[in-house]
Amino acid sequence: MSEAPSAPRTVEVPQEARDRARELGWEDGLIELALQQGHTLQEVWQALRAGVTGEQAKMYLARGARVVRPDFWWMRVPTEWGIRVRPKDPAMGLQLSDLMVGTYGDVPDVWTNRSEIARGSWPNPVVEDMGYTIFEKAIVWADCVVPLYEIAIRDRWAAATDLPWSTLEPLPTDIERAVCQFLTEQSERAYFEATMWAGWLPEISYGFLELKLFLSTVIFDLARHSEAFRKRALANGGGLGLQAPTDYNRIVKEARTFPELAAVLFVQDSMLLTLFRHGERIAQNQLERQLYALCARDRERLVEYQVERLKHFLYKMPDRREEQNLYFSKAEGRIAKEWRDPAVWEPLAILLGGGTDRIEEGRRMLLELRKAQVDDYVANLRRATFERKSLNGRLVAIFEEATAPTATA
Amino acid sequence: MAVNPSTGQGEGLDLSWLDLYDDAASATPSKKGMTLADINLGRYSAEARGAGDMTFRLRGAIPRPNAQRFGPNYQSKADVWAENCLMLYEEAVQRQWSSARDIPWETLEPLPDDIERAMCQLCTMLTEVEFIAGDVPGQWLPFVSAQDYEAGLFLMTQIMDEARHTDVFRKRALANGGGLLAQGAGLGLRTLIEARDFTEMSVLMHIQAEGFVQSMFRMGELIGKTEADKRIFRMSAQDESRHLAFGVMHLKYVLDTEPERREEIHHYLDKAEGDAAGGGSGDVTFPPVFEALCILLGGGKDKFDEGVQKFLLLRKRQVNEYLHRLEVAGLGDRRQRVGPLLRQFVEAA
């Protein structure tokens, strides 16, 4: 204990401190004696936290010593020492991948610590359970999260200043309203998805730190997408339209486990990536072209994670392969239902066709785009070693009906 | 304006969604670009917030009559709102930085063993603390109504900020011949996860915990021994300022609009100040953290006593800045009620 500079002499001793003192065998009155000798309550608390016994405290106070030398036990904990990581790629700087060395890079198949301990540090002997529920690497992990985290940070952009707002020019009313309706839906979808990933963060234990860091970039990306879509909708004489349909989002919300959440979102993440990759076809101006391209670049990282996570999951947990069909089928069915919603497909058909008067042509173009979305989705599943033998009937029906004379997109 | 588009029931066109735009918006960018403040217009503005619903319908979007609910979320604006969240979101987006490239890692140089170990111990504690600070807003985001959209967006930037802090302190611990050391104390961190109300969480995390961390970061010139270390603290402090600003203005909004919650908020603080001297900032009185800070502040193990004096100054600064922030938020009477472990550091107003 050190000399206190100017501590008040009359302080209320918290019950927690008294209880701790009793546990350590401090006699009644010893805390008051320490305070009378000029030690602060902070220092008394410090001694209690350090496990100073009643006998030690009594001896120390009796000899009027001023300082109890801490023994710095934490300097001697047997963690891996002597680490000097350096950037492997100077252009990218010091990346997470550079830290994956020795024991610090060992991401265990099962993480057993239930506290918020940083992986690689020396655990406290007794800690409270922080309530994490995900301890298996196979559930959440993909090796690509390590580089993707840094790439996400490198590729960050700002909707306020990185898009050419001043170049916006008035569009025909039907086109402007189609843009606004499409972006109202997309803004809500991005915002909603961000909140869903965010809600799962506290479930994931700290063994999978890098995955949590990557998901944080996903949440931030989706925030920017939602923001940018809203800004565009309010910038050119339009406004927000009808809220997004709720069927698909509800099953995201209803997911009971992380693998279910990831599987359900896989479907939309892949479909939206393809949509934004085709942004040139629906964009009406340079701003929208840039916006969709930036969103596609961000979503590529997310889909990369989705593919690699699923692949790793299926490899480690092959008995859960068939179960995934249930989630994919459910998600495909809900997406197909929403693709038939007029406030979803009509704006896209107008944008693709070039106006309300050309909506039939736009509908045909949309069908091609939907086909590309589904093809890419199936290909992404295949990259993850997952073969969808038959897609959900609602989704298939969209393309089967297209051959009929009065098809809907 | 109500429309209810049919979903593939007929083959004809619906197009009813084309008739929803009787309140056209043409936001123009300001000198800071197209900001959230620039699109805060008419029926889309935060001021025009109507009743919440339990869907994720964004403020200003037209409701679907058949929209399903998604479970409970906050219905009252005061529950989650801060008047500065539009500005803070934009600032957060503009001021993102990269722990990989914006820290001059090349300026790290071998330090005396005691100093390096102390720095690594501090970083071990901070990397632990910072990701709890990312989990916590994650926990609450699903309960923030999309009517209070910008508050939600701000929390998403906070998650990103905390990820970067987690990452930068881990990098620092592994970059200069050291490593991670003893796990920091969890005391106080559980308090943040345990909060059952957004305002409770915000007061404990944004104002108390991040406030204490912020006061520490602002002494980074004393704590850090290399330019890289000092830069880490400066950049992190910049981010923490936004989180604190959100918390202060959220509390102000609550106290301005729901003054009946004052005693309830005191109750949360009574508990938190009693449970741990450092609140949710990670317990700086936990011996490894306390001792590491004293070594860094003093300049070595052999100057530990000088370090203790500076540590006490840090505690004084933490507590008084904390009380000042509460005062700005309208909770000036906290000064008279502050918990015993903090009271000894209170300076006369």
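Exactly one residue among B:GLN121, B:GLN96 is facing chain A (nearest Cβ under 7 Å), within 19 Å of B:GLN214 (Cα to Cα) and touching a Lys or Arg at 6+ places or on another chain (Cβ under 7 Å), and that residue is B:GLN96.
Sort out which residues of segment B:313-349 are among the acidic types (Asp, Glu) and either in a helix (DSSP H, G or I) or crowded, with 21+ Cβ neighbours inside 10 Å (or both), and write them in order of number.
Filtering segment B:313-349 down to residues among the acidic types (Asp, Glu) leaves B:321, B:327, B:333, B:347.
Of everything in segment B:313-349, those that are among the acidic types (Asp, Glu) and either in a helix (DSSP H, G or I) or crowded, with 21+ Cβ neighbours inside 10 Å (or both) turn out to be B:GLU321, B:GLU327.
Put simply, of A:LEU381, A:LEU367, A:LEU348, A:LEU310 the only residue that is at pLDDT 95 or above and within 27 Å of B:GLN68 (Cβ to Cβ) is A:LEU348.
Would it be correct to say that B:ALA173 is small (Gly, Ala, Ser), more than 22 Å from B:ARG242 (Cβ to Cβ) and surrounded by 24 or more Cβ atoms within 10 Å (Cβ to Cβ)?
yes
Please determine, by comparing only the residues of segment B:50-76 that are of a type outside the set (S, T, N, Q) and surrounded by fewer than 17 Cβ atoms within 10 Å (Cβ to Cβ), which one is farthest from the chain's Cα centre (by Cα). Here the residue is B:PRO65. Consider A:ASP341 carefully, then state whether it is over 23 Å from A:TRP197 (Cα atoms) and more than 14 Å from chain B (Cβ to nearest Cβ). So A:ASP341 does not fit the description; no.
There is at least one residue in segment A:38-49 that is modelled with pLDDT under 85 and more than 21 Å from B:PRO288 (Cα to Cα). Quick check: anything in segment B:171-190 touching a residue at least 24 places away in the same chain (Cβ under 8 Å), part of a helix (DSSP H, G or I) and basic (Lys, Arg)? Taking every residue of segment B:171-190 in turn, at least one turns out to be touching a residue at least 24 places away in the same chain (Cβ under 8 Å), part of a helix (DSSP H, G or I) and basic (Lys, Arg).
Would you call A:THR161 away from chain B (no Cβ under 11 Å), surrounded by fewer than 18 Cβ atoms within 10 Å (Cβ to Cβ), out of contact with any Pro (no Cβ under 6 Å at 6 or more places or on another chain) and β-branched (Val, Ile, Thr)?
The answer is no for A:THR161.
Rundown of residues vs (1) modelled with pLDDT of 95 or more; (2) crowded, with 24+ Cβ neighbours inside 10 Å; (3) hydrophobic (A, V, I, L, M, F, W, C), yes/no style:
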position: B:MET156; (1), (2), (3): yes, yes, yes
position: B:PHE169; (1), (2), (3): yes, yes, yes
position: B:GLY178; (1), (2), (3): yes, yes, no
position: B:GLY188; (1), (2), (3): no, yes, no
position: B:GLU200; (1), (2), (3): yes, no, no
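Taken over segment A:350-374, the criterion of being in contact with a helix residue (DSSP H, G or I) (Cβ under 8 Å, 6 or more places away or on another chain), among the acidic types (Asp, Glu) and within 20 Å of A:ALA336 (Cα to Cα) is satisfied by A:GLU360 alone. Given the options A:ARG177, A:ARG189, A:ARG224, name the one that is surrounded by fewer than 24 Cβ atoms within 10 Å (Cβ to Cβ), in a helix (DSSP H, G or I) and not small (Gly, Ala, Ser). Exactly one residue qualifies, and that residue is A:ARG189. Tallying residues that are more than 26 Å from A:LYS253 (Cα to Cα), part of a loop (DSSP other than H, G, I, E, B) and either more than 9 Å from every other protein chain (Cβ to nearest Cβ) or not basic (Lys, Arg) (or both) within segment B:20-58 yields 19. Is at least one residue of segment A:102-112 more than 10 Å from chain B (Cβ to nearest Cβ), in a loop (DSSP other than H, G, I, E, B) and among the β-branched types (Val, Ile, Thr)? Yes, because at least one residue in segment A:102-112 is more than 10 Å from chain B (Cβ to nearest Cβ), in a loop (DSSP other than H, G, I, E, B) and among the β-branched types (Val, Ile, Thr). Residues A:ILE139, A:ILE117: which one is on the phi < 0 side of the Ramachandran plot and either surrounded by fewer than 18 Cβ atoms within 10 Å (Cβ to Cβ) or modelled with pLDDT under 95 (or both)? Step by step, each of A:ILE139, A:ILE117 is checked, and only A:ILE117 is on the phi < 0 side of the Ramachandran plot and either surrounded by fewer than 18 Cβ atoms within 10 Å (Cβ to Cβ) or modelled with pLDDT under 95 (or both).
Restricting to segment A:367-393, give me the number of residues that are under 31 Å from the mean Cα position of the chain (by Cα) and in a helix (DSSP H, G or I).
15
Does segment A:186-204 contain any residue that is farther than 22 Å from A:GLU338 by Cβ, more than 7 Å from chain B (Cβ to nearest Cβ) and of a type outside the set (Phe, Trp, Tyr)? Yes, segment A:186-204 contains at least one residue that is farther than 22 Å from A:GLU338 by Cβ, more than 7 Å from chain B (Cβ to nearest Cβ) and of a type outside the set (Phe, Trp, Tyr). Filter segment B:18-45 down to residues that are surrounded by fewer than 20 Cβ atoms within 10 Å (Cβ to Cβ) and of a type in the set (Gly, Ala, Ser) and give me whichever is modelled with the lowest pLDDT. Of everything passing the filter in segment B:18-45, B:ALA24 is modelled with the lowest pLDDT.
Just for segment A:113-139: of the residues that are among the charged types (D, E, K, R) and within 17 Å of B:LEU180 (Cα to Cα), which one is farthest from the other protein chains (Cβ to nearest Cβ)? Ranking the qualifying residues of segment A:113-139, first place goes to A:ARG119.
Candidates B:GLU273, B:GLU306: the one that is buried (at least 18 other Cβ atoms within 10 Å of the Cβ), within 11 Å of chain A (Cβ to nearest Cβ) and not β-branched (Val, Ile, Thr) is B:GLU273. For segment A:225-255, filtered to residues that are of a type in the set (D, E, K, R) and facing chain B (nearest Cβ under 7 Å), the residue that is nearest to B:ASP167 (Cα to Cα) is A:GLU227. Residues in segment B:210-252 that are aromatic (Phe, Trp, Tyr), under 22 Å from B:GLU128 (Cβ atoms) and touching a residue at least 60 places away in the same chain (Cβ under 8 Å): B:PHE212 only.
When B:ILE115 is tested against the conditions (1) modelled with pLDDT of 95 or more; (2) under 29 Å from B:LEU36 (Cα atoms); (3) more than 8 Å from chain A (Cβ to nearest Cβ), the lone failure is (2). Annotation: B:LEU153 fulfils all but one of (1) over 23 Å from A:SER187 (Cβ atoms); (2) facing chain A (nearest Cβ under 9 Å); the unmet one is (1).
Restricted to segment B:77-93, and to residues there that are surrounded by 22 or more Cβ atoms within 10 Å (Cβ to Cβ) and either part of a loop (DSSP other than H, G, I, E, B) or of a type in the set (Phe, Trp, Tyr) (or both), the residue that is nearest to the other protein chains (Cβ to nearest Cβ) is B:TYR89. Quick check, is A:ALA65 at pLDDT below 85, over 27 Å from the mean Cα position of the chain (by Cα), more than 10 Å from every other protein chain (Cβ to nearest Cβ) and over 23 Å from A:VAL146 (Cβ atoms)? Judged against the criteria, A:ALA65 is a match.
The values are calculated or read from the model by the stated rules, or taken from the named source; none is laboratory data. Nothing here was measured: the structure is a model prediction, and the numbers come from that model. When we count neighbours, we look across all protein chains shown, and the Cβ atoms used for this are built from the backbone with ideal geometry, even at glycine.
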